[in-house]
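Engineer: The structure under discussion is supplied below as structure tokens; questions concerning it will follow.
The values are calculated or read from the model by the stated rules, or taken from the named source; none is laboratory data. Owing to the predicted nature of the structure, the values given are computational and were not obtained by experimental measurement. As a convention, Cβ positions derive from the backbone with ideal geometry for all residues, glycine included, and neighbour counts pool all protein chains shown.
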Amino acid sequence: MKSEIGKLATDLKNFIKSSDEDDLVFCSGKNNLTQVKDNKPSQAEFTGKNATDCADKAVVMEQLASQINSCARCDLGATRIKAVPGEGNINAKLMFIGEGPGYEEDRQGRPFVGKAGQLLDKIIAAMGFAREEVFIANMVKCHPMIDASDPDKRGNDRAPNFDEIAVCRRYIEQQINTILPDYVVALGGVAAKSLIMEAASLSSIRGKIYDLRLSAVELKKPVKIIATFHPAALLRNPGWKKDAWTDLKVLLAAMGRAPAPRQ
Ligand code: SF4
């Protein structure tokens, strides 16, 4: 079993490394952004330096968003209405990462704006943050649908599959490595398994703090990650809210923060 897991991890790393590196956004020097032509720096311009070497994180984040908005690397790009790069404070100490956009997000091009998003807003507020203080994104940037021929159908959302995540994760990894938050919250099993432990169940890894390790880029500074339930799962199973709050209190304690006072 261990060797199978190891092989899976190696296959994933090789797959990502073997993918084109020419759309990774990097800096050519401390205060100079790599020249980007058609949103694609050439291999010669690929310096291996990290986005956090840049003076202007906002420009890097905009470049990433621009690449995401025109991306067609996987089939989801052909059926999306709008890509959803993510939004929030690019200097955030805290990032929330879900699995992928749903019906509303596909239409608005913004993450977590449906019913699950409204619950996430309440969770963020209960933690003592404003939505604008954190950064919110997803593992994949385009809407995965059960029936891609009918994008107007409600209840047509599905979780992204392994291949879609493998192709798209370059974007979320570069976003993390640009923002460099202190903590990431993986919302739901897909994000938790993708970012913490592929072979584990959400129930076995949630509520514990791990060191985040990325596949496509090397983190410039240590980032911690904790997993809890996806807000959509909490809407389907309100009884899990108490457990989710227990997970998030572990995070708040690690951050040295207290929950917002009860209204
Ligand atoms: S899901 Fe990601 S990889 Fe696929 S088309 Fe959208 S941005 Fe590109």
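Engineer: Please list, ordered by residue number, the helices (runs of 4 or more DSSP H) wholly in region 64-173 having 1 or more residues that are surrounded by 23 or more Cβ atoms within 10 Å (Cβ to Cβ) and either more than 10 Å from the ligand (Cβ to nearest atom) or modelled with pLDDT under 95 (or both).
Structural biologist: 103-108, 115-126
Engineer: Considering (1) closer than 15 Å to His230 by Cβ; (2) out of contact with any helix residue (DSSP H, G or I) (no Cβ under 7 Å at 6 or more places or on another chain), say which one Gly98 fails and leave the rest.
Structural biologist: Of everything listed in (1) closer than 15 Å to His230 by Cβ; (2) out of contact with any helix residue (DSSP H, G or I) (no Cβ under 7 Å at 6 or more places or on another chain), Gly98 misses just condition (2).
Engineer: Right, next: Of the residues in region 182-192, how many are buried (at least 21 other Cβ atoms within 10 Å of the Cβ) and either away from the ligand (no atom under 16 Å from the Cβ) or more than 12 Å from the chain's Cα centre (by Cα) (or both)?
Structural biologist: 6
Engineer: Hey, can you tell me all the residues within region 193-212 that are of a type in the set (D, E, K, R), surrounded by fewer than 16 Cβ atoms within 10 Å (Cβ to Cβ) and at pLDDT 95 or above?
Structural biologist: Selection gives Lys208, Asp211.
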